[in-house]
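*Asks:* Below is one structure. I have some questions about it.
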Amino acid sequence: MIVRVSLSTLALAGIAGGAHAESFSEALAKSKPILESRLRSESVSQAGLNDASSLTWRNRVGFESGQFGKVKILVEFEDVRAVKDDYNSGYNGKTTYASVNDPEVTELNRLQLTWTPNVATTLTAGRQRILIDDNRFVGNSGWRQDEMTFDALRLDVKKGKWSSTYAYLTKINRTAGEYADWDSDSHILNVGYAASPAMKVQGFVYALDFKNSAYNSTLTTGLRFSGEKPLSKTTKLTYAGVIAKQVEHGNNPSDFSLKAVNGEVGVNHGRWKVVAAYEKNEGNGVRGFITPIGSAHNVRGWADAFSTNGNKMLPDGLNDLNFTTTYAHPTQIGPFKKPTLTLSYHDFKTDRNSRAVGKEWDALASTALTKNLTVSVKYADFERADSSMPASRRKVWVGLEYKL
């Protein structure tokens, strides 16, 4: 395995190297271990393909040091093994089976140095996890066994009601090991102002340029607002919305201008949460508004009917009217600690010509068994409207996860 270390990481290492040797030893002595293990089965039934059945086991090991000077180091390795591999990972040659995007891989998942010169500023260099807002535009696709991480130099500044995140991305370590990574010359910027709990406004610019994926090289600019307002002692109203514009960028040879708008309103009442949301993504018949480094799984249905090579969209665009209900029990029921139940419904249509795409039902039951051990059962059923749309599919997951 070859590991590339960026110049920014080496530069920050110089800062770390300036710390007193005794301080460095003390910092290592105060390190916190990282140990995660997730065993998960996934069954997929999709028309025209053999049913897929996978059992994959992901393990992560590493540590995060204590602070020496004003610097911390984090190292984390990841390994994904297929205990049962009757599925198409995209790279194992089993193309007659339905897809499960969890190939076997062993890699350096994270290697980062974090410098905190003061309470308002944090600089992180190296291979890292980056999550912004609801992960719609920038996320780690954490549902997959091999998450997406970024070789990046990131600056976070928070002062008073203002906050900002800037990152320069040199490589996108996607969810298939080193098989499908993107070389990157990209910039992301998100600046927010929290006027009150009832209103936070953010502006963002995501200038993405991928040397080996020109289709996904895009410039996305937009605004996001979010907030919450108490309606009573036990009831709270939440809301969020985004308006964005996307054009070609970097080495993308296309010429396009597409918009996206989404909004959601939710009510939290005791153990219950109900959310209604609508997402509108334009398409011009050739391509749709895309989110190449976002996490689509938690946004556009768990069946992942629209995720193809990072595009996550139909050429005619995609509109999604969806409703989600969640029940979170506050205490223990038998051996189950704070079990949570979620049910979602999606109605998909194309943005261009408003053609029916399909409907989807999603369900999830999860609970802690101990402080460190959780179990979950998840279900997704996408039924397409006609044969011109992505194939109907049904997926079932059963997972057991340990985190130290």
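The values are calculated or read from the model by the stated rules, or taken from the named source; none is laboratory data. None of these values were measured; they are calculated from a predicted model. In this analysis, Cβ positions are derived from the backbone assuming ideal geometry, glycine residues included, and neighbour counts consider all displayed protein chains.
*Asks:* Can you report the number of residues in the stretch 110-131 which are part of a loop (DSSP other than H, G, I, E, B) and over 22 Å from residue 160 (Cα atoms)?
*Replies:* Total satisfying the criteria: 2.
*Asks:* Yes or no: residue 26 out of contact with any Ser or Thr (no Cβ under 9 Å at 6 or more places or on another chain) and not in a strand (DSSP E or B)?
*Replies:* When the stated conditions are applied, residue 26 passes them.
*Asks:* Test of understanding: among 155, 169, which residue is part of a strand (DSSP E or B), modelled with pLDDT of 95 or more and farther than 30 Å from residue 100 by Cβ?
*Replies:* 155
*Asks:* In addition: Please count how many residues of the stretch 256-272 are in a strand (DSSP E or B) and surrounded by 14 or more Cβ atoms within 10 Å (Cβ to Cβ).
*Replies:* Selection size over the stretch 256-272: 11.
Condition check ((1) touching a Ser or Thr at 6+ places or on another chain (Cβ under 8 Å); (2) surrounded by fewer than 18 Cβ atoms within 10 Å (Cβ to Cβ); (3) of a type in the set (Gly, Ala, Ser)) across all residues:
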residue: 239; (1), (2), (3): yes, yes, no
residue: 242; (1), (2), (3): no, no, no
residue: 245; (1), (2), (3): yes, yes, no
residue: 274; (1), (2), (3): yes, yes, no
residue: 280; (1), (2), (3): no, no, no
residue: 289; (1), (2), (3): no, no, no
residue: 315; (1), (2), (3): no, yes, no
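*Asks:* For residues in the stretch 41-63 being in a loop (DSSP other than H, G, I, E, B) and among the small types (Gly, Ala, Ser), which is surrounded by the fewest Cβ atoms within 10 Å (Cβ to Cβ)?
*Replies:* Step by step, filter the stretch 41-63, then rank; the result is 48.
*Asks:* Sort out which residues of the stretch 263-294 are among the acidic types (Asp, Glu) and over 30 Å from residue 168 (Cβ atoms), and write them in order of number.
*Replies:* Within the stretch 263-294, just 264 meets the criteria.
*Asks:* I've got another one for you. State the number of residues belonging to the stretch 169-202 that are more than 22 Å from residue 119 (Cα to Cα) and either among the hydroxyl-bearing types (Ser, Thr, Tyr) or in contact with a helix residue (DSSP H, G or I) (Cβ under 7 Å, 6 or more places away or on another chain) (or both).
*Replies:* 5
*Asks:* Test each condition in (1) part of a loop (DSSP other than H, G, I, E, B); (2) touching a Phe, Trp or Tyr at 6+ places or on another chain (Cβ under 6 Å) for residue 66 and report the one that comes out false.
*Replies:* (2)
*Asks:* Based on this model, can you work out whether residue 235 counts as more than 30 Å from residue 120 (Cα to Cα), crowded, with 21+ Cβ neighbours inside 10 Å and either of a type in the set (S, T, N, Q) or in contact with a helix residue (DSSP H, G or I) (Cβ under 7 Å, 6 or more places away or on another chain) (or both)?
*Replies:* So residue 235 fails the test.
*Asks:* Whether any residue in the stretch 89-103 is within 24 Å of the chain's Cα centre (by Cα), over 30 Å from residue 393 (Cα atoms) and either modelled with pLDDT of 95 or more or surrounded by fewer than 18 Cβ atoms within 10 Å (Cβ to Cβ) (or both) is what I want to check.
*Replies:* Looking through the stretch 89-103, none of the residues is within 24 Å of the chain's Cα centre (by Cα), over 30 Å from residue 393 (Cα atoms) and either modelled with pLDDT of 95 or more or surrounded by fewer than 18 Cβ atoms within 10 Å (Cβ to Cβ) (or both).
*Asks:* Return the residue satisfying two criteria in turn: it lies in the stretch 141-180 and is buried (at least 18 other Cβ atoms within 10 Å of the Cβ) and among the acidic types (Asp, Glu), and of such residues it is nearest to the chain's Cα centre (by Cα).
*Replies:* Only one residue tops the list, namely 147.
*Asks:* Being small (Gly, Ala, Ser) and touching a residue at least 40 places away in the same chain (Cβ under 8 Å) is the filter here, so list the residues in the stretch 87-112 that pass it.
*Replies:* Within the stretch 87-112, 89, 90, 98, 99 qualify.
*Asks:* Pull up the stretch 160-179, narrow it to residues that are small (Gly, Ala, Ser) and touching a residue at least 12 places away in the same chain (Cβ under 8 Å), then point me to the one that is nearest to residue 129 (Cα to Cα).
*Replies:* Result: 167.
*Asks:* Looking at (1) modelled with pLDDT under 95; (2) assigned to a strand (DSSP E or B); (3) of a type in the set (Ser, Thr, Tyr), which is the only condition residue 388 fails?
*Replies:* Looking at each condition in turn, residue 388 falls short on (2).
*Asks:* So residue 298 fits all but one of (1) touching a residue at least 60 places away in the same chain (Cβ under 8 Å); (2) crowded, with 22+ Cβ neighbours inside 10 Å; (3) of a type in the set (S, T, N, Q); what number is the exception?
*Replies:* (2)
*Asks:* From the list 238, 220, which residue is modelled with pLDDT of 95 or more, of a type in the set (Val, Ile, Thr), under 24 Å from residue 346 (Cα atoms) and in a strand (DSSP E or B)?
*Replies:* Answer to the check: 238.
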